[in-house]
1. Accessible area per residue of the range 87-178 at 1.4 Å probe, in Å²?
2. Quick one: check the C-alpha center-to-center distance for the range 253-278 versus the range 291-305, whole angstrom.
3. In Å², what does the accessible area per residue of the range 27-79 work out to with a 1.4 Å probe?
4. I want to check the label-to-label distance for ALA146 and ASP215. Put each point 7 Å from Cα in the C-beta direction and report it in nm to one decimal.
5. May I ask you to evaluate 6.51 cos²θ - 1.76 cosθ + 1.60, the Karplus curve with θ = phi - 60°, for each residue of the range 122-139 and list the ³J(HN,Hα) values in order in whole Hz, giving x for glycine and proline?
6. For GLN200 and TRP182, calculate 0.36 nm times their separation in residues minus their Cα-Cα distance, and state this gained length in nm to one decimal.
7. Taking 7 Å along the Cα-to-C-beta vector as the label spot, tell me the HIS308-ALA93 distance in nanometres, rounded to one decimal.
8. How do the peptides 120-129, 65-74 rank, highest first, by the average count of neighbouring beta carbon atoms within 10 Å per residue?
Amino acid sequence: MARSALDEMSTTGAFVRTPSTFRNSISRDPNSPFPAEAGRYHLYVSFACPWASRCLAYLKIKGLDKAISFSSVKAIWGRTKDTDEHMGWVFPASNTEDPGAEPDRLNGAKSIRDLYELASTNYSGKFTVPVLWDKKQKTIVNNESAEIIRMFNTEFNDIAENAAVDLYPPHLQAQINEVNDWIYDAINNGVYKCGFAKKQEPYDEAVTKLYEALDKCEEILSKQRYLCGETLTEADIRLFVTLIRFDEVYAVHFKCNKRLLREYPNIFNYTKDIFQVPGVSSTVNMEHIKKHYYGSHPSINPFGIVPHGGERELRLLALAALKGVAAAGAECADCVGFLRTGHSHQTLGKRSIEVAARRVAGYDRRDPAVALGQCPVKPFAAVNVDRRRWRWPPFAN
Ligand SMILES: N[C@@H](CCC(=O)N[C@@H](CS)C(=O)NCC(=O)O)C(=O)O
């Protein structure tokens with residue numbers, strides 16, 4: 001049984017992920033073994049980890065971050081025990097040791113491995129995050145992010161601040177499941193298959209599949225705002241956590257460099273669009289993301305050097321987009337906040353007419369103005385997407 005992602009290898013040299021082990025469910029039923037109660041559960045995450053980050057995004061979007069506490073481990077894997085060589089997620093000794101990471105005040109654990117060993121005496125799998133912890137029974141409820149986000153979506157609605165937000169609405173479930181399947185295989189897990197392949201053939205196969213899937217996303221997002229239509233769903237959050245790490249990490253560290261994300265106009269603007277959903281930007285800690293991947297996989301990056309990213313290009317793009325949004329916003333009640341920037345429909349002249357024409361014709365995200373000025377699209381009302389909160393890149397001032 002693999003004890004870390006670095007050991008999850010088939011005989012052909014392909015990366016093969018092992019299934020999660022703790023699969024209990026929290027339920028709204030007060031008589032269930034794990035009832036939804038404020039203050040009872042804790043979410044252990046790593047800000048670096050996409051799977052944990054999708055759970056954190058849900059905590060924020062659903063307004064559950066007061067009812068369910070959370071904390072992050074240190075960015076870089078460390079020795080989890082003095083008695084063996086295992087490397088994994090560890091807690092810092094203080095809040096200042098690795099900003100963002102916190103000591104484990106609940107259980108006094110030194111590592112995520114300690115928590116697994118507290119929860120089970122004969123656990124033999126990987127010590128992964130996220131971990132959804134029950135403070136009352138002192139055990140792991142669930143360590144599978146795909147299931148945790150479903151619980152957060154529905155089971156805590158009596159205490160969630162944004163209970164009306166439904167990222168898995170019944171009428172879209174079949175479509176979301178279908179999209180999740182190919183996106184998980186080719187993109188979310190696909191980047192890992194590229195990065196952890198130990199032979200050329202499995203890498204070639206994974207990278208080909210990855211770019212076919214990204215091309216498919218680009219095509220879908222050139223016609224509609226989100227993956228499953230006009231409303232943000234689970235499928236978007238699941239894709240977002242991979243996209244936000246793509247150019248900075250996966251392109252370099254995992255050899256996913258056939259095309260950068262910022263060369264996909266629709267996907268890139270879509271990523272920025274989701275980044276602005278209230279709460280989501282706070283779940284993106286690019287420091288932790290870069291430090292973790294480049295620093296924790298010595299078989300891929302033996303010297304642990306962290307490359308400089310494309311911060312400058314991203315900042316320029318953000319600026320261009322901001323100007324464009326002001327233009328589109330001039331005629332858009334939905335984006336009326338942008339009027340405050342001083343632009344108006346009258347003063348924009350020809351440009352605003354072009355923008356409006358393209359907007360009416362479709363969702364051409366090649367023009368950032370159109371990307372965010374999609375007037376025909378109802379905003380994600382329950383969480384009120386505030387397009388004034390334009391912040392990009394996520395790691396610069
Ligand atoms: N199926 C799990 C996968 C979680 C996972 O692989 N987490 C990685 C971090 S990105 C991890 O903790 N790896 C620890 C290790 O490989 O030792 C989920 O989605 O919750």
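1. 44
2. With the range 253-278 and the range 291-305 each reduced to a Cα centre, they are spaced 23 Å.
3. Averaged over the residues of the range 27-79, the accessible area is 30 Å².
4. Output for this residue pair reads 2.6 nm.
5. Whole-Hz 3J(HN,Hα) from phi for the range 122-139: 10, 6, 10, x, 7, 9, 9, 9, x, 10, 9, 9, 9, 5, 6, 8, 6, 8.
6. 4.2 nm
7. For the pair HIS308/ALA93, the computed spacing is 3.4 nm.
8. Descending mean neighbour count gives 65-74, 120-129.
The values are calculated or read from the model by the stated rules, or taken from the named source; none is laboratory data. Remember, it's a predicted structure, so these values are computed and weren't measured experimentally. No Cβ is skipped: glycine too gets one built from the backbone with ideal geometry, and neighbour counts run over all protein chains shown. Just the protein is used for accessible areas: all its heavy atoms, side chains included, with ligands, DNA and RNA removed. Shrake-Rupley method; radii C 1.70, N 1.55, O 1.52, S 1.80 Å.
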